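The structure appears below as structure tokens.
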Amino acid sequence: AKEGFGNSKLQFTAIKPVDKAVDAFTVPEGFTWQPIIRWGDPLFNDSPEFDLNNQTAAAQARQFGYNNDYTDIVEIPGSKGRRAVLFTNHEYTNENIMVPAGYDPVETRAIGRAAHGLAVVELERKNTTKPWSYVKGAPLNRRYLSDTTYELTGPVAGSSLVKTVADPSGRAIKGTFGNCSGGTTPWGTILSGEENFNGYFVSAGTSASDKRYGLTAKPTARKWELDDPRFDTRNAGYENEANRFGWIVEVDPFDPTSTPKKRSAMGRFKHEGANVIVAESGHVVAYMGDDEKFDYLYKFVSKGKYVEGDRRNNMNLLSEGDLYVAKFTGNSPAAEITGTGALPADGAFDGTGEWLPLVVGGKSAVPGMSVEEVLVYTRLAADKVGPTKMDRCEDVQPSLHTGKVYVVCTNNSDRGTGTKEGATEVNPRTQNRDGHIVEITETGDQTSTLFNWTLLMVCGDPAQGDVTYFSGYPADKVSPISCPDNVAFDSVGNLWISTDGAPSGIGYNDGLFRVTLDGAERGRVEQFLSVPRDAETCGPVIHDDERTVFVSVQHPGEEGTFEAPHSFFPDYVPAGTTPAPGQVRAPRPSVVQVFRG
Ligand code: FEO
Ligand code: CA
Ligand code: CA
Ligand code: CA
């Protein structure tokens, strides 16, 4: 399709922002919404039906998990658009609203574990104008659970830094936890980022790496350390267990018997996700954010080259390559960056940048650290080379239309407080409540180590007096937006942004927004949908050629309790009525489709 927002088949009138107290899923006029799959939906022929008041770990392991975050929907080749595979990860659990107060604690912990991980589910529809349904018992359906074995690949595989008494090989890791965003590769695999993995482990908390990764001696929120010694790295033989998490995971949704991989060459940090683009040279480049206040932006360049149609070759590209971390330099005088978000005199937050090497050509570029150490303790390695401290990089995604890379900085309430670093041109707001988005243009090929950058937007609600910037587009003509998190592109190159955290900032529920990137309308933000109370918007997946949008609704009603729910999404069973089969009067994280009709 021709580029430019006017050439998309998906046209809509922006919705008004929805107050944070409202428990509703809101779409534009002329559109309707429907869940495709919800927490607890049975995936296999032997799966028990969801029983909200009597949930078990055994049932949960055969059902759709909790808190779906990264989502993609890929058509199955040869199905004439009538079958697709849905991938989601299940980032974390909200036990306070999953089981009644006083539920058996051992079973509750096991339910929590079984509700984490990943899911692959087949979808079907009668024809390309109809909405999708998931297919129970379909051949590709799979749950990846806490005992699923992942193969660690790349330079750290077999290293003494990742061996445990249960895995002396240092190559076979059980489970994935805290998976946040992700990406879909040009060869059809899915990447998923292990983000807040530290929250699953008790550790001594005294080493430099424990401190840098937030590993402490406090009991964890879910207390899995009571069930399995590996969740307490003070236990003999499990000292390295936490080193086996914090990676990018790669799975093949088209092969339910395949062994998922953890890609050590891409470094270990609180990976939000990874998104891949093929460079002109054929090397593949992955962009990755470390979602922590004042942490860094990374780039991976594969050693091997992409070969169109050679899936076997391409499936190994992320196992070996170079790793870089970003340094941004602004072009305006420091005195003009006031911390309010107001533009400097040259009228732009912009400048140049450099990708600083951490591993190049299989060798460490960091003095005093081996390749294995750089990749396991990537934050410590990066600290030594002087990269730019960012305001929590969430999704980082290249446009396949332009090659420009969008770095979503969600917020950073600590910037400029106490002894913390103050505003810089690339992170120009102190106590950054609403976040901003950086646009990177590589100089030359995508593998270049030099780039130019400019801010696409500084978020907020102009109507409430926030200082904002939308690439010059009139601030009184945009939808208010706060805490951008996940992004996707439509078929004509518009950027779509989902948010997480708007209620506590601008006071509106989180949502999904379209942003025009080119021409006179550049910077125009239009809200497409709004999610229910306490939820964040994830995914998103934009099939604008079919006038359909998909989002994952994560943690609806999470501030409530099981007994006093904040949300009844998505079943919305009226009080005092008997739920229809399969429905419950309680919040359920779900994947939702929005379509004309
Ligand atoms: Fe799980 Fe960075 O959001
Ligand atoms: Ca400037
Ligand atoms: Ca996220
Ligand atoms: Ca988030």
Where a Cα-Cα gap under 20 Å defines reach, which aspartates and glutamates qualify for K20, not counting those fewer than 8 residues away within the same chain?
-> D434, D461, D466, D485, D500, D510, E526, D534, E536, E558, E559, D571
Calculate the all-directions average of the projected area of region 363-476's alpha-carbon convex hull, and give it in nm².
-> 9.4 nm²
Relative packing of peptides 464-470, 324-330 - highest average C-beta neighbours within 10 Å first = 324-330, 464-470
Nearest-20 debye value, region 418-563 charge dipole, Cβ charges on Lys, Arg, Asp, Glu | 360 debye
Would you work out the relative contact order for region 274-458, in percent, from Cα pairs under 8 angstrom that are 6 or more residues apart?
-> 24 percent
Based on the Cα atoms of region 276-349, what semi-axes does the equivalent ellipsoid have, where each is the square root of 5 times one gyration tensor eigenvalue, given in whole Å with the largest first?
-> 37, 14, 9
Cα pair distances of region 37-166 binned at 5 Å [whole percent] | 2, 10, 17, 18, 16, 13, 10, 8, 4, 1, 0
For the chain, what's the relative contact order in percent, using C-alpha pairs closer than 8 Å and at least 6 residues apart?
-> 16 percent
Take the chain, drop everything but the C-alpha atoms, weight them equally and run the Debye formula without solvent; then report log10 I(q)/I(0) at 0.09, 0.11 Å⁻¹ to two decimals.
-> -0.66, -1.03
Pairwise centroid distance, computed over Cα atoms, of region 537-580 with region 220-246, Å = 33 Å
Region 471-505 to region 309-348: how many Å between their Cα centroids?
-> 19 Å
Return the sequence-ordered ³J(HN,Hα) values of region 320-335 in whole Hz as given by the Karplus equation 6.51 cos²θ - 1.76 cosθ + 1.60 applied to θ = phi - 60°, using x for Gly and Pro.
-> 8, x, 9, 10, 10, 10, 8, 10, 9, 10, x, 9, 9, x, 3, 5
Once normalised by the length of region 170-210, the mean sequence separation of its alpha carbon contacts under 8 Å that are 6 or more apart gives a contact order in percent of 32 percent
Where trypsin sites (Lys or Arg not before Pro) fall in DSSP loop in region 73-149, at most 11 other Cβ within 10 Å | K80, K126
How do H543, H401 line up, fewest other C-beta atoms within 10 Å first?
-> H401, H543
Region 274-458 - charge dipole about Cα centre, Lys and Arg +1 at Cβ, Asp and Glu -1, debye rounded to 20 | 240 debye
In straight Cα distance, which aspartates and glutamates are under 17 Å from K80, not counting same-chain residues fewer than 8 positions off?
-> E122, E124, D545, E546
222 nm [θ] for the chain, helices only, -39500 (n - 2.57) per DSSP H run of 4+, per residue, to 500?
-> -1500 deg cm²/dmol
Ordered by fewest other Cβ atoms within 10 Å, a rough proxy for footprinting exposure, S370, S491, S552, S159 read S370, S491, S159, S552
Shape descriptors of region 274-458 over alpha-carbon atoms, Rg and Dmax in angstrom, are 16.8, 54
For region 353-402 versus region 178-203, the gap between their alpha-carbon centres in whole angstrom | 17 Å
Could you pull out the pairs from K305/K327; K174/K270; K305/K404; K262/K363 whose alpha carbons sit more than 23 Å apart here?
-> K305/K327
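Bear in mind that the values in this text are calculations on the coordinates, not laboratory data. Small disclaimer: the values here were computed from a predicted structure and weren't measured. Note: ideal-geometry Cβ built from the backbone for every residue, glycine included; neighbour counts use all protein chains shown.
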